[in-house]
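The values are calculated or read from the model by the stated rules, or taken from the named source; none is laboratory data. Values in this document were obtained by computation on a predicted structure and should not be read as measured data. Please note: Cβ atoms are built from the backbone with ideal geometry, for glycine as well, and neighbour counts cover all protein chains shown.
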Amino acid sequence: MSEKIIEIKSIAKKFGLFEAVKDVSFHVNQGDVYGFLGPNGAGKSTTIRCMLSLIKPDSGTIKIFGKSIFTDRNEILSRTGSIIEKPDFYKYLSAYKNLEIFSRLSRVSVGKKEIYKMLDFVGLGGREQDKFSSFSHGMKQRLGIAQTLLHNPDLIVLDEPTTGLDPQGIIDIRNLILRLKNEQHKTVILSSHNLAEIEIICNRMVIINKGVSVVEGDVKALMNNEDLVVRLEVSDKDKSKALIMSQYPNIQITDINETSIELPMEKSKISELNKDLVNAGIGIFSIEAKRKLEDYFIKMVNA
Amino acid sequence: MIFIKSIYNEVIKIALKPRSYLGIAAITVLVGVILFALKSDGMSIISFVTSSFEQTLSFEGNVLNGNLVAFIILQMLIVQIPLLIALVTGDLVSGEAAMGTIRMLLTQPISRTQLLLSKFIAGGIYTLIVIVWLGFMSVIMGKLLFGSGDLMVLNSDGLVILQEADVNWRYLGGFLVAFLALFTVSSLSICLSCFTDNSIGPIVTTMSIILLFTIIGTLDVHVFDSVRPFLLTTHMASWRSFFEDPLPIQDIKNSILILVIHNVLLISISIYVFNKKDITA
């Protein structure tokens with residue numbers, strides 16, 4: 001069994017009368033790329049800020065690397081790199097100077113060579129002496145990633161790291177996270193609104209809604225527990241519906257248009273259905289299995 | 001070690017922020033203007049002051065000398081310097097919140113107390129640089145342009161004439177007390193800076209407090225008699241005590257004690273607030 005890197009139990013936080021977080025619990029194992037999902041205002045940022053000691057929760061426990069964030073804060077943070085919301089640096093300083101300033105506080109000796117190497121790694125080679133104020137949004141995000149990785153942390157917390165990036169930037173960050181996981185075996189927490197991104201990158205996830213952790217577990221396992229939504233485009237819709245109803249009497253079929261229908265179905269039965277329709281002389285133009293994290297997410301959030 | 005690095009970081013940030021040079025530039029321009037005015041028409045100003053004594057005293061030698069020029073400059077500028085200090089120090093915590101860098105700083109493995117203390121120390125170093133520059137521009141430049149001589153000071157008790165050889169240590173003492181007073185202004189603005197995420201608020205509030213205390217200190221109303229001795233602004237002027245003869249040692253000690261108490265209180269409040277603060281910016 002993997003070692004638990006993060007263990008959060010029943011944290012709650014109120015701001016005045018507003019309960020930002022009511023009851024959030026989850027754990028992250030070593031080597032996980034852990035998805036942190038939830039709609040706006042769900043309590044994701046507050047939870048992440050509690051984890052990093054930016055906000056003190058009213059109740060609950062937070063253990064990282066087996067130690068409490070309340071008593072061993074500095075030791076935990078020396079092994080953690082993070083971007084919270086957006087990376088903000090000193091506008092009047094260069095990329096190099098900004099990294100130099102934060103590296104001094106990292107408890108790890110980081111020299112000029114390492115800073116240049118890291119800037120090169122995130123694609124900012126040649127822009128070392130340019131001021132942060134002159135950087136595009138994508139470049140700022142890259143600099144944030146560089147700051148996060150500079151002291152070679154064991155745990156990386158990325159809160160919405162691809163927000164505002166162009167498609168190439170999103171792919172670059174995604175590949176970078178996968179490299180960190182596969183090559184350097186880092187543990188990564190990724191909070192994102194891009195659910196497809198979570199589905200592609202993360203192996204485990206938690207969904208938070210209205211300040212409560214709704215579901216937690218292995219991404220693939222959670223997905224497979226649910227029926228897929230299958231969309232069929234066929235030559236004879238009525239005949240297809242009759243055939244399906246005869247074999248699956250309780251199934252709910254939805255008409256999409258003159259040639260398409262949708263129905264819930266287990267993944268293993270799709271090929272069998274395909275065979276039955278073909279054998280009945282029905283032409284199949286397309287079969288699309290639509291089960292995606294978005295559907296699961298919406299179902300959980302609306303539950 | 002990390003505390004020393006943090007102080008270094010804070011000093012570097014102040015040094016590389018363009019705003020920090022406004023204070024130095026303002027002192028240079030203001031002192032330059034005063035020096036120019038005194039050089040071109042200083043004697044008429046001196047005659048205006050000494051005319052009431054000319055029936056009983058005769059003034060010989062270089063009355064308008066560097067020592068007197070420095071004293072005039074200090075008296076004129078010491079009111080403006082707190083603004084120049086607060087302009088930089090009032091931004092040290094709230095500016096980080098406004099920029100968003102506070103999140104990055106507080107997720108580093110340094111305690112909030114150490115981080116805040118490093119800002120107080122950096123603010124103190126900046127204050128010291130401003131005071132040293134003011135000293136250079138007033139005392140050194142004054143002596144270079146006007147020469148040296150006995151210092152003639154007009155106090156509420158009358159005219160005090162201090163021998164040339166007796167002046168330098170008084171300036172040193174005066175500047176040290178002025179530094180302590182300005183460091184208290186710096187502490188006040190950093191303390192206010194801990195309460196807000198707005199970078200302008202603490203600067204304006206610091207100046208408003210100094211203005212309010214100055215008014216309370218100046219108003220000859222008995223109701224303020226009991227608070228006046230404890231006001232920061234009352235002791236901001238205590239550098240002048242070094243130019244009295246005999247030296248009012250007890251008054252100076254009292255001022256130093258009250259300023260130190262101010263600093264201890266302001267720093268303690270700041271540490272408490274900063275450690276309790278939720279970073280939501």
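If you go through the range B:185-198 and pick out every residue that is β-branched (V, I, T) and surrounded by fewer than 24 Cβ atoms within 10 Å (Cβ to Cβ), you end up with 1.
Listed by position, the helices (runs of 4 or more DSSP H) contained in the range A:69-131 that have at least 2 residues being within 12 Å of another protein chain (Cβ to nearest Cβ) and in contact with a helix residue (DSSP H, G or I) (Cβ under 6 Å, 6 or more places away or on another chain) are A:95-104.
Within the range B:15-31, can you find the residues that are assigned to a helix (DSSP H, G or I) and either out of contact with any helix residue (DSSP H, G or I) (no Cβ under 8 Å at 6 or more places or on another chain) or modelled with pLDDT of 95 or more (or both)? Residues satisfying the conditions are B:A15, B:Y21, B:A25, B:V29.
Here A:D166 clears all of (1) surrounded by fewer than 14 Cβ atoms within 10 Å (Cβ to Cβ); (2) out of contact with any helix residue (DSSP H, G or I) (no Cβ under 7 Å at 6 or more places or on another chain); (3) under 29 Å from A:D120 (Cβ atoms) except the condition numbered (2). How many residues does the range A:9-30 hold that are out of contact with any helix residue (DSSP H, G or I) (no Cβ under 7 Å at 6 or more places or on another chain), surrounded by 15 or more Cβ atoms within 10 Å (Cβ to Cβ), of a type outside the set (D, E) and within 27 Å of A:D154 (Cα to Cα)? Counting residues in the range A:9-30 that are out of contact with any helix residue (DSSP H, G or I) (no Cβ under 7 Å at 6 or more places or on another chain), surrounded by 15 or more Cβ atoms within 10 Å (Cβ to Cβ), of a type outside the set (D, E) and within 27 Å of A:D154 (Cα to Cα) gives 7. Only one of the listed residues (A:I5, A:I11) is at pLDDT 90 or above and within 14 Å of chain B (Cβ to nearest Cβ). That residue is A:I11. Confirm whether B:A98 is within 10 Å of another protein chain (Cβ to nearest Cβ), farther than 23 Å from A:L149 by Cα and in a helix (DSSP H, G or I). When the stated conditions are applied, B:A98 passes them.
Residue check: A:F135 meets all listed conditions (1) within 11 Å of chain B (Cβ to nearest Cβ); (2) hydrophobic (A, V, I, L, M, F, W, C); (3) closer than 21 Å to B:A98 by Cα but one, namely (1).
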